[in-house]
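Structure, as structure tokens:
What follows is calculated from the coordinates using simple rules that are stated; it is not laboratory data. Everything quoted here is computed from the prediction, not taken from an experiment. We place every Cβ from the backbone using ideal geometry, glycine too, and count neighbours over all the protein chains shown.
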Amino acid sequence: SEKLGISRTPAREALFRLASEGLIVADPGKSGFFVRPLDILDLSSLFEAQMVSARAIARLPATRATASDISKLRRAEAKVIRAIERQRPPEVAPSNGELHRLEPAPARNGYLANMACSIHDQGQRLGYLAFGGATSWDSLHQHFVEVRKDHRELIQAYEDHDPDAAEQIAGRHVVLFRNRIFSFITENPAGPIDLGGDILPSVRLVGPDLE
């Protein structure tokens, strides 16, 4: 509140809203707020939710997107490309998040948009870790080649009004991100994600197209 020049009340209200969105944890007993920890079980549930929502939502923009919607998505895509070309990990996660938050808009369904944005908020936390945690930018080169390909082809599917292609690409994109996150976990076993417990073998997305 001191840094922003506001009273404690709006700062506290903002923290409680972040808690309601699952980004932080409120501990009234100690009057404290803490960043929500990440663990493998949460990641499994997150990717499961992301897969279901991404594939379902992708079909709607492919049938409802207007020329204006496509233009907005391409502008957001260009920001991601610039961040990648600058090799600036802190810019990649937010620009990528902005693009994916725009995707549900052409679906014209506020409920789905809210659900997708909530999932992407959690995913962006992972993005900051996985992209910034690489030992070198070179190790991310092929990943971002695939990212750019998925973004380009998904927007094209929206423009072509091809819901089947859009669903397939959206699912592929979730798998790409999931694989990058688990590579990061493997490369950084002492990182900020809790690997405790006997649950790691159960973390998988099922389905013939997800293996």
Requested in this report: Starting with the highest mean, order 70-76, 178-184 by the number of other Cβ atoms within 10 Å, averaged over the residues of each peptide.
Outcome: 178-184, 70-76
Query raised in the report: How many nm separate the modelled label positions at residue 156 and residue 78, each set 7 Å beyond the Cα in the direction of the Cβ?
Result: 1.9 nm
Report task. Whole number please: convex hull volume per residue, Cα atoms of segment 100-155, in Å³. Result -> 67 Å³
Report summary line: With the dipole of segment 89-142 defined by +1 on each Lys or Arg Cβ and -1 on each Asp or Glu Cβ, the option from 141, 100, 128 whose Cα lies farthest towards the positive pole is 100
Query raised in the report: Tell me, what is a quarter of the convex hull surface for the C-alpha atoms of segment 69-136, in nm² with one decimal?
Result: 4.4 nm²
Query raised in the report: So for the pair residue 66, residue 141, with labels modelled 7 Å out along Cα→Cβ, what separation do we get in nm?
Result: 4.3 nm
Query raised in the report: What is the gain in length, in nm to one decimal, between residue 42 and residue 121 on full extension, counting 0.36 nm per residue of separation less the C-alpha to C-alpha distance?
Result: 27.1 nm
Query raised in the report: How long are the three semi-axes of the equivalent ellipsoid of segment 91-186, in whole Å, if each is the root of 5 times an eigenvalue of the C-alpha gyration tensor, listed from largest down?
Result: 24, 16, 11
Report task. Could you give me the radius of gyration and the Dmax of segment 1-100, taking only the C-alpha atoms into account and expressing both in angstrom? Result -> 18.4, 52
Query raised in the report: Of the GluC sites (Glu not before Pro) in segment 1-80, which ones lie in a loop per DSSP and count no more than 13 other C-beta atoms within 10 Å?
Result: 2, 21
